[in-house]
Structure formats: C-alpha cells, structure tokens
Amino acid sequence: IDGNYGDGLGKLSFDVDTSSKKTLSLDSQVHAKVSDLLDHQRGDWDASVKGKLDAFPLETLSFFGLRRVKGTVSGDLDAATGTHVKPHAQVKLSAEGVAMARDRSGGARASLDANAGDHAMTAKVRFDQADGFAEANASAGLAWSGPLSPTFDPSNGPAKVAAVAKHFRLSALQPLVQ
C-alpha cells in the first residue's frame, strides 16, 4: 500500500503479489482540496480508480470471510466521477477453476462484463460448468442528478433483464448467497 496527498491531489496504490507475480493492482486518485471538505464547501473534485487482476487467487478472499472458494480471477476495472468528470465504470473479469472446496470437478469458468456510463448501464454474467451453464444480462437507462447519484431513467432506455440456464448446478452460487 502506498499513498500520498499534496496540492489537492491524493493518490493511493494497493498491490497484492504472489511468489511468482503481481496478481492485483489498484490505483486511485482524488483531486480535491481538503479544506473544502472540512469546511463543508462544494468545491471542485474528481476521483478515479483503475485496477488489474492477473490470476488473482480466490482463496485469498477467505481472509475477508468468503470461505471455501478456489480458482483465479483476471481482468480490468476503470471508474471515475466528479464535478467535471462524466461518471463511468467498466469492469471486465474472468475466472478459471472456480469451485467450492469439496468440488472435485476441476472447477468452472465465470465472466462478468459491466459498464455504466452517462446514459446507460449494461451487465452480463456467465457461469460455465463442465455439463451446463447459466447466463444473465441486464441493461437500463441512467440519469445522473450528481456525481454520486445515478437513477434509472426510462427515457434513456428501458430496464431489461434476461437469464438462461441449462443443466446448471446451483451449488456453484453458494458462496455468493450465504
């Protein structure tokens, strides 16, 4: 972890290394005057975060209370908002060998692709198992009443959700719903 603040710019970096490589890297920046925040003034500000995962071991998450999950996750994330920055977020992740601790099947694959922008959001998640799959898609129009205040706005697109599954074992979702 490395961080600093000066002249209205704060930076924070967070990295996780394994014995062979860096598996998680997060970098964030905040442009804001601390005096404006302390005085409850509405000064100009913006914030961003970028991240990269490279075969990040899901077993590491047991430290945070998510137990019995195996596999690795890779991908990117990018998000920003502020008084002069159009809000956006993009996450694209894929996981390999995802399994519960007792699962002997060799694991499943999973992917997440989500985007939120100025006027819309979309998301797609998919789980592939050896003999089945499940997939869900969602989209909706958005409007922003402030940098941190998105709302659904049908004039920018209707809300839609679709899901399909075939021979999907629900036990794969157990860590997410406990």
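Summary table below
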{"read-out": "Which listed residue, of Val49, Val85, is touching a residue at least 40 places away in the same chain (Cβ under 8 Å), among the β-branched types (Val, Ile, Thr) and closer than 20 Å to Gly146 by Cβ", "value": "Val85"}
{"read-out": "Check on Ala110, at pLDDT 90 or above and within 27 Å of Leu37 (Cβ to Cβ)", "value": "no"}
{"read-out": "Among the residues listed as Lys33, Lys52, the single one being open to solvent by 80 Å² or more (accessible area, probe 1.4 Å), more than 21 Å from His84 (Cβ to Cβ) and not β-branched (Val, Ile, Thr)", "value": "Lys52"}
{"read-out": "Asp44 vs. criteria outside any loop (DSSP other than H, G, I, E, B) and acidic (Asp, Glu)", "value": "no"}
{"read-out": "Residues of segment 139-163 satisfying the condition of being part of a loop (DSSP other than H, G, I, E, B), open to solvent by less than 50 Å² (accessible area, probe 1.4 Å) and of a type in the set (A, V, I, L, M)", "value": "none"}
{"read-out": "Pairs where the first residue, in segment 129-150, is in contact (Cβ under 8 Å) with a residue 12 or more places away in the chain and the second is open to solvent by 50 Å² or more (accessible area, probe 1.4 Å) and of a type in the set (Phe, Trp, Tyr), C-beta under 9 Å, 6+ apart", "value": "Ala140/Phe152; Gly141/Phe152; Leu142/Phe152; Ala143/Phe152; Pro147/Trp45; Pro150/Trp144"}
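The values are calculated or read from the model by the stated rules, or taken from the named source; none is laboratory data. Just so we're clear, the structure is a prediction, and the values are computed from it rather than from any experiment. Counting neighbours? That spans all protein chains shown, and the Cβs are built from the backbone with ideal geometry, glycine included. Ligands, DNA and RNA are excluded from the accessible area calculation, which covers all protein heavy atoms including side chains. Shrake-Rupley method; radii C 1.70, N 1.55, O 1.52, S 1.80 Å.
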